[in-house]
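The values are calculated or read from the model by the stated rules, or taken from the named source; none is laboratory data. The model shown is predicted, which means the values in this text are computed figures rather than measured ones. When we count neighbours, we look across all protein chains shown, and the Cβ atoms used for this are built from the backbone with ideal geometry, even at glycine. When the accessible area is computed, the model is the full protein with side chains, heavy atoms only, and any ligands, DNA or RNA have been set aside. Shrake-Rupley method; radii C 1.70, N 1.55, O 1.52, S 1.80 Å.
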Amino acid sequence: QVQLVEAGGGLVQAGGSLRLSCAASGIIFSGMTVAWYRQAPGRQRELVAEITSGRSTRFADSVKGRFTISRDNVKNTVYLQMNSLKPEDTAVYYCRLVVGSVVHWGQGTQVTVSS
């Protein structure tokens, strides 16, 4: 059974940094694309960043230049480094992995950025 567990969220002041992690179990994801999404209250879930098996990356325009995504295939973990955080980055952040036709989500981790 595929499980994704996010960690690293918390409360931070504007301008601060956080590093989120997404650890996968039940699957070896080295050949897969892994993505981070976020959902703020009253808003739709949106793509933040993704990383392919070849380590190509793409980011939402709102986080370009501030966030980076990386992966450690030995640890089966993907990281989201978030710098220069803004209050509008406040959301629950989710990790997503698609296996065949099944979309797997983690439970999410709350990120709150105070002004």
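Please report the accessible area of VAL98 (heavy atoms, 1.4 Å probe, ligands and nucleic acids excluded) in Å², nearest 10.
Spelled out: VAL98, probe radius 1.4 Å, area about 60 Å².
Mind telling me which of GLY100, GLY54, GLY26 comes out most flexible in a GNM of the chain, alpha-carbon contacts under 10 Å?
Of GLY100, GLY54, GLY26, the most mobile in the Gaussian network model is GLY100.
Of the options GLN1, GLY31, TRP105, report the single residue whose Cα projects farthest towards the positive end of the charge dipole of the chain (beta-carbon charges: Lys, Arg +1; Asp, Glu -1).
My answer, from the dipole projection, is GLY31.
Could you please state how large a percent of the accessible area of segment 1-91 is carbon and sulfur, counting protein chains only and using a 1.4 Å probe?
Looking at segment 1-91 in its full context, I get 47 percent from C and S.
In debye, nearest 20: dipole of the chain around its Cα centre with unit charges on the Cβ of K, R (+) and D, E (-)?
Magnitude of the dipole: close to 120 debye.
Could you list which residues have their amide H under 5 Å from that of THR33, counting only those 5 or more apart in sequence or on another chain, with H placed in the peptide plane?
Amide H neighbours of THR33: SER53.
Give the residue list of trypsin sites (Lys or Arg not before Pro) in segment 1-67 that are DSSP loop and have at most 13 other beta-carbon atoms within 10 angstrom.
Filter output for segment 1-67: ARG43, ARG55, LYS64.
Seen from all sides and averaged, what is the projected area of the convex hull of the Cα atoms in segment 26-70, in nm²?
4.1
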